[in-house]
Amino acid sequence: MIWGMNKVQKQELTHEQQQLDIKVESYATKIQAFSTQINSIILDKEHQTKLALSCLFAGGHVLFEDLPGLGKTTLSSALSRIAGLHFQRIQFTNDMLASDVIGVNMFNQKEHQFEFKQGPIFTQILLADEINRCSPKTQSALLEAMEEGFVTVDGIRYELPHPFWVIATQNPLFQSGTYALPESQLDRFLMRLTLGYPSRSAEKLLLQQESRYALISTLAYIFNENEIVEIQKLVTQIHLADAISEYLLDLAAETRKGMHGLSTRGLLALKKSAQAHAFIEQRSFVTPDDIQAVFVAVVAHRIGLGEVETLQLMQKINIH
């Protein structure tokens, strides 16, 4: 029985809901193939890779935050290859300008007019590597693009390719040469993930195997552009029972007690992430397990708490 629905309601499921079940099931093999391939590159991090895939399916951007050398860029490169989308990478530095990201108008002497030269942001998957090493002004150049899928240059708006997915990495702020991302930009990321150190057994395998980048080049494309777009549409149709909506509202209310709590946009992000997680789990409806699986990654960076504190906050709310 669909969680939060009684027997009568289940019998009244529409033809569209039944078709959704079939479509969700039809992607099961590809999702399993994705998991197998990505986890052959990033060892012992199944939860993080599943959340990253949830971001893509939900149409949201993901921020990886960790020490250098723990696999952030490797995971981002592997994700882009398996997703089968056009990919570009920007290595952010402290002298990078906004025009280096979004593009610039250049004068064409032959045509005697200005022409817009697209920057690397005009791609389907953008790896923004070490995003907090550039200045706040350059960071802000990504805001409109991440939220609306457009960039504006000299008063003219240019549409970005679809789908458009930003995978950003950042180093801890205690490292030299970093600039903290403003709250407005942090909120544009659907999830913030941390890989952490691999287990001893995983690290031993890394010592024995060849370069991760050599292995990435052997990965097969699992999805294509049309499939990603269809999945993102299907995710929005994943059923949300009234009891699940109440659970989401209870969680949001708990974050707002005596602190800067989860905004309405953050609440919608939590819902969308849970729907994507349910899709990956081959269900056409959201359960409390889906919400709990994504809660910390979606909420912690929005309310300024650590992962442990955010998890403890979630555990205060009982499921009815």
Heads up, the range 210-260 by the C-alpha gyration tensor (a ≥ b ≥ c square roots of eigenvalues; a/c under 1.5 rounded, else a/b over b/c prolate, else oblate) looks oblate
Calculated FRET value between H15 and Q109, using beta carbons and R₀ = 51 Å, to 0.05 = 0.25
Given the rule -39500 (n - 2.57) for each run of at least 4 DSSP H residues, summed and divided by the residues of the chain, what is its mean residue ellipticity at 222 nm, to the nearest 500 deg cm²/dmol?
-> -14500 deg cm²/dmol
If you add up the charges near K316, with Lys and Arg at +1 and Asp and Glu at -1, over every other residue whose beta carbon is less than 14 angstrom from its beta carbon, what do you get?
-> -1
If one compares the long axis through the Cα atoms of helix 242-255 with the longest principal axis of the Cα atoms of the chain, the angle in degrees, nearest 10, works out at 60
Mind listing which trypsin sites (Lys or Arg not before Pro) in the range 93-140 are in a DSSP loop and have 13 or fewer other Cβ atoms within 10 Å?
-> K110
Reach of K110 by Cα under 25 Å, taken over lysines that are not fewer than 8 positions away in the same chain | none
Estimate the FRET efficiency between Q312 and I156 by the formula 1/(1 + (r/R0)^6), using the beta-carbon distance for r and 51 Å for R0, to the nearest 0.05.
-> 0.60
Pick from L43, L205, L248: which is most flexible by mean-square fluctuation in a GNM of the chain where alpha carbon atoms under 10 Å apart are linked?
-> L205
Of K45/K257; K233/K257; K50/K316; K45/K272, which sit over 29 Å apart, Cα to Cα?
-> K45/K257; K233/K257
Among M146, M259, what is the fewest-to-most ranking by other Cβ atoms within 10 Å?
-> M259, M146
Stretchable slack from Q209 to V229, in nm (0.36 nm times residue separation minus alpha-carbon distance) = 3.7 nm
Scan the chain and report its longest stretch carrying no chymotrypsin sites (Phe, Trp or Tyr not before Pro) that are both in a DSSP loop and have at most 11 other Cβ atoms within 10 Å.
-> 1-173
Length-normalised contact order of the chain, Cα under 8 Å, at least 6 apart, in percent, tallies to 23
Shape call for the range 7-315, from the Cα gyration tensor axes a ≥ b ≥ c (a/c under 1.5 means rounded, otherwise prolate when a/b beats b/c, else oblate), comes out rounded
Looking at the range 246-275, which trypsin sites (Lys or Arg not before Pro) are DSSP coil and have at most 10 other C-beta atoms within 10 Å of their C-beta?
-> K257
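Rule-based calculations on the coordinates, nothing more; no lab input. Quick caveat: nothing in here was measured; it's all calculated off a predicted structure. Reconstructed Cβ throughout: ideal geometry from the backbone, glycine too, with neighbour counts over all protein chains shown.
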